[in-house]
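Please read the structure below before turning to the comments.
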Amino acid sequence: MALPITVINPDSLSGEKERLLKGEIIVALSRLPEGVTGVEGQIFIAAPPKKVWEVLTDYNNHKYFVPNVIDSGIISDNGIEKVMFEKGKTRMFIFQKEVYIKMKVWGEHLTRLNFQQITGNFKVYQGEWILVDYLQGTGTFLTYKAEVKPDFYAPQFAVRNVQHRDCPLMMLAMKKQAESNNVKTLPSDKE
């Protein structure tokens with residue numbers, strides 16, 4: 001039995017999808033219980049899910065293209081889940097702080113990538129990346145969902161401000177890298 005294939009028809013897109021296709025990055029923040037901040041970011045990437053997945057899981061190179069990441073890499077990989085780390089810097093008002101996170105990542109190839117802190121500078125840091133194929137490989141709707149609570153004192157409004165500023169920068173970096181990698185692998189017109 002064949003599984004049904006869902007293809008998004010641009011004529012029936014919601015207003016949100018239309019905004020994403022026009023290049024907008026959508027970020028929504030929420031207050032969750034116990035001082036946790038919910039973050040959801042969405043972006044459209046003109047590259048197939050395979051290219052987006054390659055960028056998301058390129059942990060050894062995030063330090064080269066994701067803003068505020070100063071070091072990153074894979075610690076272990078058992079074939080089902082990976083343990084990776086990122087060291088970054090964040091700015092709140094006039095203060096700058098370095099943060100470290102070691103997390104496990106796992107998921108469903110090309111569709112969902114889950115992450116959860118093992119150790120680091122957060123009481124709560126977990127979430128997922130969701131990839132939705134658009135028109136059979138011509139693009140990807142990428143969604144980032146996270147729950148965040150630092151392990152150091154920071155008022156919730158400050159955490160929300162940092163997430164509101166940094167989430168679009170991170171998503172735009174993923175977009176630029178995936179689209180750049182996609183262009184490198186497209187056949188030329190001369191072939």
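What list of ³J(HN,Hα) values in whole Hz, one per residue of region 32-45 in order, does the Karplus curve 6.51 cos²θ - 1.76 cosθ + 1.60 (θ = phi - 60°) give from phi, with Gly and Pro shown as x?
10, x, 6, x, 7, 9, x, 10, 9, x, 9, 8, 9, 10
Net charge around Lys97, counting only other residues with Cβ within less than 13 Å of its Cβ (Lys, Arg = +1; Asp, Glu = -1)?
After counting each charged neighbour, the total is 0.
Can you tell me the length gained on complete extension of the stretch Ala46 to Ser76, counting 0.36 nm per residue apart and subtracting the Cα distance? Mind dumping the intermediate values first?
Working: separation 30, 0.36 × 30 = 10.80 nm, distance 3.10 nm.
Separation in residues times 0.36 nm, less the Cα-Cα distance, equals 7.7 nm.
Magnitude of the Cβ-charge dipole of the chain, K/R +1 and D/E -1, about the Cα centre, nearest 20 debye? Kindly include the intermediate steps, with their values, before the conclusion.
Numbers: 24 positive and 22 negative charges, 113 e Å.
Magnitude of the dipole: close to 540 debye.
Pull up all non-local amide H partners of Ile118: gap of 5 or more, or a different chain, and H-to-H distance under 5 Å with H placed in the peptide plane.
When sequence neighbours closer than 5 places are left aside, the close amide H contacts are Lys102, Met103, Lys104.
Given points 7 Å out from each Cα along the Cα-Cβ axis, report the Arg31 to Arg112 separation in nanometres with one decimal.
Going by the 7 Å Cα→Cβ label model, 3.0 nm.
Order 81-90, 42-51, 155-164 from most to least packed using the mean count of other Cβ atoms within 10 Å. Don't jump to the answer; show the numbers that get you there.
Numbers: 81-90: 17.8, 42-51: 21.8, 155-164: 16.1.
In descending order of packing, they fall as 42-51, 81-90, 155-164.
Please enumerate, by chain and number, the lysines with C-alpha under 28 Å from the C-alpha of Lys97, excluding those fewer than 8 residues away in the same chain.
Lys63, Lys82, Lys87, Lys89, Lys123, Lys145, Lys149, Lys175, Lys176
What ranking do 18-26, 30-38 get when scored by the average of other Cβ atoms within 10 Å per residue, highest first? The partial results should precede the final answer.
Values: 18-26: 14.8, 30-38: 13.2.
Sorting 18-26, 30-38 by mean packing, highest first, produces 18-26, 30-38.
For P(r) over Cα pairs in 10 Å bins from 0, in percent, the choices are (i) 8, 25, 28, 20, 13, 5, 1; (ii) 10, 40, 37, 12, 1; (iii) 9, 34, 35, 18, 4, 1; which was calculated from the structure?
(iii)
Is any residue of region 132-174 close enough, with backbone N under 18 Å, to a label point placed 7 angstrom from the Cα of Arg91 along the Cα-Cβ axis, and if so, which?
158-173
Each reported figure results from applying straightforward, stated rules to the coordinates on display, with no laboratory input. Just so it is clear, the structure is predicted and the values come from calculations on it, not from any experiment. Every residue, glycine among them, receives a Cβ derived from its backbone with ideal geometry; neighbour counts consider all protein chains shown.
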